[in-house]
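**Q** The structure under discussion is supplied below as structure tokens; questions concerning it will follow.
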Amino acid sequence: MLPSDALTQRKVFAFSYRLPGRVRTYTYVCAGSSPSPSWARAWEWHVIISEVFRQLGSPFFEEKQRHDAFATAIAAPATIGHPGDDLPGGENRPHATLRRQSRPGSSIPLDTHRERLQEGVSGAPEAVKEDGGAELVALASVTGDNAIQYIPYPYNLEIVGVALAGDVTLGETLLGNLLYEATAYNSSRPLWGKACTSIVAEADNGTVYHGRNLDYSIANYLRNMTITVDFQSSGKTLYTGTTFVGYVGVLTGQRPHAYTVSLDQRDKGEWWMNVLDALVGGTHAITGFLIRDTLGDASLSFSDAILRLAYQPLIAPCYLIVGGVKSNEGAVITRDRTGALDIWRLEAFKERWFLVETNYDHWGPPPPSDDRRDPAIKAMDETGRGNVSAPSLFHVLSLPPVLNNKTAFTVTMSASIPELYSAWIRYP
């Protein structure tokens, strides 16, 4: 069952207490058909982070002051942004920051919650460093200003907006947005461990449901930074994603009446292979950006989305779990860096009415030391196809060891019933 009303009253905001509860939703206004300056992409994330602070009772600029200060501080080298756009603050470097200020007439500085963001963003590099990635952290810190030009629009400007709002370096922010790519490799060190369980299942009426636990060894950072974002245009939600403050990609999301997507980590190869593909390949995408691009493309059908997610070259290997709106529209894509190794599909007519993916290729057994798959399969079999629903998926994802001390949040969703989308902070 879903948590009781008594629990939902203790809602968890980004940076707030590590208690169970719903994840708060914020709005990102997508670029419309009419021209807008490219710095508006950075401004959108700046507004989201500012709203997080405001919801937590943080003093902040009045709206116009924030806008003017942002426009003055944002970077504008010719290599950043959309071709032909002029950005404000042309003489400022990308690492320029909005300094802490207070409301007019107030002596309260801005603010302890910003320090939480700094802690979270800077915590990712520190964790990578502990796992033997000190060279990667040093590289990102030194080259952040230059490397941002290789990040595609609009993500380059959004990362700049995060750095400005959080008063953190561009290199740290950039590395935070490459966290999956920096950790999805075959590490012998225990820090990262494995991450995530995803289930896609078809009810006996043909409705496809999708649930996921996002697990990471740095769950204490991530629980404090989890938000849900509605990406909107003209007041209409185009797609929804649950992500982290400061991370502009999407690892879990839904396009209403089309498809749902979640990512599970697949650890293969070495971290330097990911870096090499990023630097040399040129066409290899960042996974969270690919998922968000796919969710944002209204022209894609479920089948089109599968093809894009399966064959766009990526910096790091992964599992991509996709749910649709029709019978048998569910799949687990097992990816290496160049494309799909396998696409495992729902086949309800053959009694394959659900798929469970953790962090191991489905055609081989999971290791006894990390077997979340078999308990999840057992729980799904006990649930039965006739009882599949968002609450029943939440129940399965709440059973140990599927739910564990590395679980940061749980999402349940169904593209055919988009109002069911729900994200919960977990604290086992």
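The values are calculated or read from the model by the stated rules, or taken from the named source; none is laboratory data. Here the structure is a predicted model, which means the values were calculated and not measured. All Cβ positions, glycine included, derive from the backbone under ideal geometry; neighbour counts span all protein chains shown.
**Q** PRO428 fails exactly one of the following numbered conditions: (1) in contact (Cβ under 8 Å) with a residue 60 or more places away in the chain; (2) outside any helix (DSSP H, G or I); (3) more than 30 Å from ALA285 (Cα to Cα). What is the number of that condition?
**A** PRO428 satisfies every listed condition except (1).
**Q** I need the full set of residues from the range 348-372 which are of a type in the set (Gly, Ala, Ser) and either closer than 19 Å to LEU403 by Cβ or at pLDDT 95 or above (or both), in order please.
**A** Matches in the range 348-372: GLY364, SER369.
**Q** Of all residues being touching a residue at least 12 places away in the same chain (Cβ under 8 Å) and among the basic types (Lys, Arg) in the range 210-258, which is nearest to LYS326 (Cα to Cα)? Just the residue, please.
**A** Residue satisfying both the conditions and the ranking: ARG255.
**Q** Please specify each residue of the range 232-260 satisfying the condition of being in contact with an Asp or Glu (Cβ under 9 Å, 6 or more places away or on another chain) and in a strand (DSSP E or B).
**A** Within the range 232-260, THR237, LEU238, TYR239, THR240, GLY241, ARG255, TYR259 meet the criteria.
**Q** Next question, about the same structure. Which is within 15 Å of GLU202 (Cα to Cα) and part of a helix (DSSP H, G or I), of LEU393, LEU355?
**A** It is LEU393.
**Q** Could you check, for the range 204-224, whether at least one of its residues is surrounded by fewer than 22 Cβ atoms within 10 Å (Cβ to Cβ), outside any loop (DSSP other than H, G, I, E, B), assigned by TED's automatic domain parsing to the domain that holds ALA331 and in contact with a Pro (Cβ under 8 Å, 6 or more places away or on another chain)?
**A** No - not one qualifying residue is present in the range 204-224.
**Q** Being part of a helix (DSSP H, G or I) and within 14 Å of the chain's Cα centre (by Cα) is the filter here, so list the residues in the range 286-326 that pass it.
**A** Result: THR287, GLY288, PHE289, LEU290, ILE291, ARG292, ASP293, THR294, LEU295.
**Q** From the residues in the range 389-406 that are within 17 Å of ASN359 (Cβ to Cβ) and of a type in the set (S, T, N, Q), which one is surrounded by the most Cβ atoms within 10 Å (Cβ to Cβ)?
**A** The extreme case among them is ASN404.
**Q** Output the residue which, of all residues in the range 344-364 that are surrounded by fewer than 22 Cβ atoms within 10 Å (Cβ to Cβ) and either touching a Ser or Thr at 6+ places or on another chain (Cβ under 8 Å) or outside the structural domain of GLN265 (by TED's automatic domain parsing) (or both), is farthest from VAL261 (Cα to Cα).
**A** ALA348
**Q** So, in the range 365-379, of the ones that are out of contact with any Phe, Trp or Tyr (no Cβ under 8 Å at 6 or more places or on another chain), assigned to a loop (DSSP other than H, G, I, E, B) and not basic (Lys, Arg), which residue ends up surrounded by the fewest Cβ atoms within 10 Å (Cβ to Cβ)?
**A** Ranking the qualifying residues of the range 365-379, first place goes to PRO365.
**Q** Of all residues in the range 316-343, how many are surrounded by fewer than 20 Cβ atoms within 10 Å (Cβ to Cβ) and either acidic (Asp, Glu) or within 25 Å of ASN205 (Cα to Cα) (or both)?
**A** Matching residues across the range 316-343 total 6.
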